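We did not get these values from a lab; they are worked out from the coordinates using the rules stated. Values in this document were obtained by computation on a predicted structure and should not be read as measured data. Cβ placement follows ideal geometry from the backbone for every residue including glycine, while neighbour counts extend to all protein chains displayed.
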Amino acid sequence: MAAIQRRGRRIMMTDEERDSYLAEQRTCRVATVSADGRPHIGALWFAWDGTSLWLYSITRSLRWSQLCGDPRIAVVVDDGAEYADLRGIELSGTAVQVGEAPRVGKSCTELDVPERLFAAKYFAMDTMPHDGRHAWLRLTPETITSWDFRKLAGPSSA
């Protein structure tokens, strides 16, 4: 269970708003940490199953190698061009590899839902295509912070 957001409750997303937002957004920014403590941030596609954020990462990436050494991760999904339209979510915790790496499609029931969601979202397909270069990371967040600045203007603008 993720920690409850204490600050910014006025602009915090409800669980339903969060789930809807993460289902519609396509790109997140993933922050990892190198062995010497230097941060690395990169963009990635994802799927949200209502509990965990599923990241489909290239196994030969800097992100992957850093997470093998230190699985702590922070992810931001946000949008909005004008200040009053800013909204987003930050999720943080520990990344866990699920399934084979790289993924070639061996049976893994834990990946049934995220692969169905991901295939529909990004490829308009029912089943996940596997390229033998990517693998799955699951982030079940320890903390979730959200913001929707549209709520500051009142209910008519949201």
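Some notes on this structure:
- Meets criteria (part of a strand (DSSP E or B) and more than 15 Å from the chain's Cα centre (by Cα)) for TRP136: no
- If you filter the range 83-107 down to residues that are of a type in the set (D, E, K, R) and in a loop (DSSP other than H, G, I, E, B), you find that the one that is farthest from ARG26 (Cα to Cα) is LYS106.
- Every residue from the range 33-63 that is in contact (Cβ under 8 Å) with a residue 60 or more places away in the chain and either among the aliphatic types (A, V, I, L, M) or over 19 Å from LEU117 (Cβ atoms) (or both): ALA47, LEU53, LEU55, ILE58, THR59, ARG60
- Output for the range 51-93, where each listed residue is touching a helix residue (DSSP H, G or I) at 6+ places or on another chain (Cβ under 7 Å), loosely packed, with under 14 Cβ neighbours inside 10 Å and of a type outside the set (A, V, I, L, M, F, W, C): TYR83, ASP85
- Contact map, the range 67-82: residues that are part of a helix (DSSP H, G or I) paired with residues that are surrounded by 14 or more Cβ atoms within 10 Å (Cβ to Cβ) and aliphatic (A, V, I, L, M), Cβ distance under 8 Å, separation 6+ or inter-chain. Pairs shown: LEU67/ILE73; LEU67/ALA95; LEU67/LEU137.
- Residue match in the range 123-146 (condition: of a type in the set (Ser, Thr, Tyr), over 20 Å from ARG26 (Cβ atoms) and free of Cβ contacts under 8 Å to residues at least 60 places away in the same chain): no
- Condition met for GLU110 (buried (at least 18 other Cβ atoms within 10 Å of the Cβ), of a type in the set (Asp, Glu) and not in a loop (DSSP other than H, G, I, E, B)): no
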